[in-house]
Amino acid sequence: MSLHTRIRRRSARIAIIGLGYVGLPLARVFVDAGFRVIGVDTDPAKIGALARGECYLKHLGRNFVREMNATRRFEATGDARALRAADAVLICVPTPLGPHMEPDLSYVERTAEDIGANLKRGALVVLESTSYPGTTRDVVLPRLERSGGRGKPRVCGSPRGFYLASSPEREDPGRRDFTTRTIPKLVGGVDRASGEIAAALYAAAFETVVPVESAEVAEAAKILENTYRAVNIALVNEMKVLLTAMGIDVWSVVAAAGTKPFGFAPFYPGPGLGGHCIPIDPYYLTWKAREVGLPTRFVELAGEINHAMPDYVVMRVVEALNARGRAVRGARVLVLGLAYKPDIDDVRESPSFEIIQRLREMGARVDYNDPLVPRTHRMRRHDLKMTSVALTAAALKGYDAVVVSTAHSVYDWGMIARHARLVIDTRNALRGVKNRKNIVMA
């Protein structure tokens with residue numbers, strides 16, 4: 001029976017490698033579409049939680065995994081040998097940056113090796129992890145080709161070999177107007193046959209599939225999407241610094257400009273960039289550009305501006321404290337929100353960590369409150385070893401400054417404004433407060 005037929009009949013078994021912010025929602029989409037899904041992850045804590053029906057991604061809801069398990073079409077394992085039963089293998093592993101802002105594709109490389117050692121003949125492999133154009137063809141393809149055994153390379157684009165495509169994830173954790181299933185799915189193969197079979201697989205589970213000419217087009221489109229956001233956020237962040245120095249409220253300016261029905265899309269300033277995509281993906285593009293000998297001055301400048309925002313926030317804290325006769329050294333500072341955006345528990349690349357670390361280096365005594373992140377854990381660049389403190393009127397009065405870094409909807413901004421001595425607002429969260437004598441915008 002051909003892979004096309006098995007997809008059409010929902011008898012194809014799908015393996016998803018990496019059960020994080022991309023892989024877990026993706027598994028649910030295919031389970032809901034009637035497929036049997038094998039989730040593979042190297043973290044035993046995740047495998048145990050999934051077996052118990054627990055969802056470790058709070059924004060997905062408490063019943064997310066329990067409902068998926070109830071279908072009896074989902075299982076999770078840490079054993080890569082489970083891939084031998086899969087008709088399609090979707091790669092959803094991290095693609096972080098190295099210490100010098102270079103792409104770190106070690107997770108993709110190791111995963112491709114594992115797949116190659118366990119790949120079923122005629123199976124489809126799709127790279128969902130975001131990376132620079134050419135990753136699917138140049139990094140994944142050769143590892144699958146050379147693992148055919150007996151010195152014979154596997155042939156891509158053939159039922160006697162395997163199929164390979166790129167379909168970059170477009171997750172936005174916590175978003176309510178779109179879901180994983182309803183976000184249009186880009187699909188590009190390393191050859192025509194691979195592109196067609198991959199498009200057929202996603203069309204069986206997703207609302208809209210957008211086939212493109214090649215894996216490289218799909219990869220480059222995702223990089224462009226995130227670079228577009230990074231550059232526009234950098235523009236408004238630079239405007240924020242300039243307009244603040246001029247005594248003009250940048251939030252009012254963006255709102256005014258946003259009334260134009262064409263030629264302008266509003267972006268908003270903040271304390272820096274967070275999440276996996278915007279702070280990281282443009283650097284994959286700049287690295288690839290250097291490989292072909294071309295500059296990406298615009299993109300790199302945007303990166304410099306955005307990465308400077310935590311320092312700007314800290315400078316505003318120092319200035320605000322000085323204006324009140326208080327040195328930053330020894331000052332008690334409370335940071336509100338560790339997550340990189342409101343109402344989720346995702347702290348990847350969150351600027352809150354940079355702000356806390358810089359304030360600590362300057363001698364401040366820093367606490368944080370985040371109802372969705374009760375404690376910090378070791379991350380790629382930070383290990384703060386902190387626990388969220390209680391947010392009460394009495395507690396607020398004990399701090400010299402409160403920094404609004406993430407505007408969770410559960411926060412009572414009126415209470416915070418009434419009881420905090422000084423508030424440094426990076427998110428325009430206290431815009432509705434009438435008496436703003438103790439509020440400084442950053």
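The values are calculated or read from the model by the stated rules, or taken from the named source; none is laboratory data. Quick caveat: nothing in here was measured; it's all calculated off a predicted structure. Ideal geometry is used to build each Cβ from the backbone, glycine not excepted, and the neighbour counts take in all protein chains shown. Areas reflect the complete protein model, heavy atoms only, side chains present, ligands, DNA and RNA absent. Shrake-Rupley method; radii C 1.70, N 1.55, O 1.52, S 1.80 Å.
Structure notes:
- Conditions (1) over 20 Å from ILE91 (Cβ atoms); (2) in contact with a helix residue (DSSP H, G or I) (Cβ under 6 Å, 6 or more places away or on another chain); number of the one not met by SER166: (1)
- Tally of residues being surrounded by fewer than 19 Cβ atoms within 10 Å (Cβ to Cβ) and within 18 Å of GLY23 (Cα to Cα) across the range 157-187: 9
- Any hit, the range 188-203, residues being open to solvent by less than 10 Å² (accessible area, probe 1.4 Å) and basic (Lys, Arg): no
- Inspection of the range 54-77 identifies no residue that is more than 19 Å from PRO142 (Cα to Cα), touching a His at 6+ places or on another chain (Cβ under 8 Å) and not basic (Lys, Arg).
- Close contacts from the range 161-186, counting a first residue that is closer than 16 Å to HIS276 by Cβ and a second that is aliphatic (A, V, I, L, M) and assigned to a strand (DSSP E or B), with Cβ to Cβ under 8 Å and a gap of 6+ residues or different chains, come to PRO168/LEU127; PRO168/LEU186; ARG170/LEU186.
Every residue, every condition in (1) in contact (Cβ under 8 Å) with a residue 24 or more places away in the chain; (2) among the acidic types (Asp, Glu), yes or no:
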position	(1), (2)
THR296	no, no
VAL317	yes, no
ARG324	yes, no
ARG329	yes, no
ASP346	yes, yes
GLU349	yes, yes
SER352	yes, no
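- Of all residues in the range 138-196, those that are under 23 Å from VAL29 (Cα atoms) and among the basic types (Lys, Arg) total 5.
- When residues in the range 348-363 are screened for being open to solvent by 10 Å² or more (accessible area, probe 1.4 Å) and either of a type outside the set (Gly, Ala, Ser) or within 19 Å of ALA420 (Cα to Cα) (or both), 8 of them pass.
- Residue satisfying condition, being outside any strand (DSSP E or B) and touching a Leu at 6+ places or on another chain (Cβ under 6 Å), within set ALA429, ALA417, ALA395: ALA417
- Residue satisfying all of: in the range 284-304; part of a helix (DSSP H, G or I) and of a type in the set (Ser, Thr, Tyr); surrounded by the most Cβ atoms within 10 Å (Cβ to Cβ) among these: TYR284
- Residue count for the range 13-29, restricted to those that are within 23 Å of GLY122 (Cα to Cα) and not in a helix (DSSP H, G or I): 6
- Residues located in the range 233-267, provided they are of a type in the set (Lys, Arg) and closer than 14 Å to ALA442 by Cβ: LYS240
- Strands (runs of 3 or more DSSP E) within the range 30-146 that include 1 or more residues open to solvent by 10 Å² or more (accessible area, probe 1.4 Å): 36-40, 74-77
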